[in-house]
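Worksheet: the structure to be examined is printed underneath.
The values are calculated or read from the model by the stated rules, or taken from the named source; none is laboratory data. Given the structure is predicted, the values throughout are model-derived calculations rather than measurements. FYI the Cβ positions are ideal-geometry reconstructions off the backbone, even for glycines, and counts take in every protein chain you see.
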């Protein structure tokens, strides 16, 4: 078993350091919780805590966001990660008018690929695989004209060959809207939970994360700006060897979206901590930068995102969603 776990740890190491630069990214078990839920969230650098404009995938960032605007819009996402790692997300929401509540659900998974199994002499004895799954249920309600609140419950499962880990977690969130200024402010406490069973004798850990975000749509330009402060439960951490500015920026992620007509959206995002973790010191590096676009035709939306991981390569993510009421 120790050789199988060591092999998986080697694969996990390919993504662990950069993944820790994702919002809520202190190292922990259940790494799929740190992956971007959709192509749009990836293109905007994960700056999504206050992104209340009809995207059902926002439920994974702030459970207060789901509303009638996200109802009856199924979304399916696929992430082509590094080293043969695949991940995906399925999300859906429905508003129960009689209860004044929007219920949401989601399924996330990551498959870590196929690894070589070896015995104590280092001889190959076959292969094994590893993967994580998260099942999410959420509910959100309005409190007055401008405020919303909500909560999620996650059931988490991870497997490395025959070793398994399970956990339960919850998210709590609030969202405040200022429609006159097209402004949204949100806060969420994510992945607060307990381990039910760990891999071997080690208890599973969760990436607890406190986030505060703001989005603003400009009045005279077709531009949406988003900022999220993340990992606020560990404000003493930052970029190793960095300046005071680096430490501050290490808790911020930025995103922007330009709407070009009714069909096309162009997006970009930046994560400073990821940039510093991946960048090469002797030359300009694109690590930490992301971008993408979205197309909306009728009731169908298609999104694409690319995120640079410097010399390691790049991540490609795709999302397709459908507004069932518009079809």
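One line per residue, one yes/no per condition, for (1) surrounded by fewer than 24 Cβ atoms within 10 Å (Cβ to Cβ); (2) in a loop (DSSP other than H, G, I, E, B); (3) at pLDDT 60 or above:
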| position | (1), (2), (3) |
| --- | --- |
| 8 | yes, no, no |
| 11 | yes, no, no |
| 23 | no, yes, yes |
| 27 | yes, yes, no |
| 49 | no, yes, yes |
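Of all the numbered requirements in (1) in contact (Cβ under 8 Å) with a residue 60 or more places away in the chain; (2) under 21 Å from residue 317 (Cα atoms); (3) surrounded by fewer than 19 Cβ atoms within 10 Å (Cβ to Cβ), residue 75 misses one, and that requirement is (3). Scoring residue 82 on the criteria (1) surrounded by fewer than 20 Cβ atoms within 10 Å (Cβ to Cβ); (2) closer than 23 Å to residue 292 by Cβ; (3) in contact with a helix residue (DSSP H, G or I) (Cβ under 8 Å, 6 or more places away or on another chain); (4) modelled with pLDDT of 95 or more leaves a single failure, condition (4).
Tell me, please, whether a residue that is in a helix (DSSP H, G or I) and over 23 Å from the mean Cα position of the chain (by Cα) can be found in segment 239-246. Checked segment 239-246: at least one residue is in a helix (DSSP H, G or I) and over 23 Å from the mean Cα position of the chain (by Cα). The residue list 122, 126, 113, 98 contains one member that is surrounded by fewer than 19 Cβ atoms within 10 Å (Cβ to Cβ), on the phi > 0 side of the Ramachandran plot and in a loop (DSSP other than H, G, I, E, B), which is 122. The selection criterion, being surrounded by fewer than 20 Cβ atoms within 10 Å (Cβ to Cβ), at pLDDT 90 or above and more than 22 Å from residue 49 (Cβ to Cβ), holds for residue 168.
Evaluating residue 210 against the criteria (1) surrounded by 14 or more Cβ atoms within 10 Å (Cβ to Cβ); (2) modelled with pLDDT of 95 or more; (3) more than 17 Å from the chain's Cα centre (by Cα) leaves one unmet condition, (3). Looking across 262, 246, one residue alone is modelled with pLDDT under 95 and within 19 Å of residue 182 (Cα to Cα). It is 262. Cβ-Cβ contacts under 7 Å between residues 6 or more apart (or on different chains), taken from a first residue in segment 223-236 that is farther than 18 Å from residue 258 by Cα to a second residue that is surrounded by fewer than 20 Cβ atoms within 10 Å (Cβ to Cβ) and at pLDDT 95 or above, are listed as 229/212; 232/210; 232/212; 233/210.
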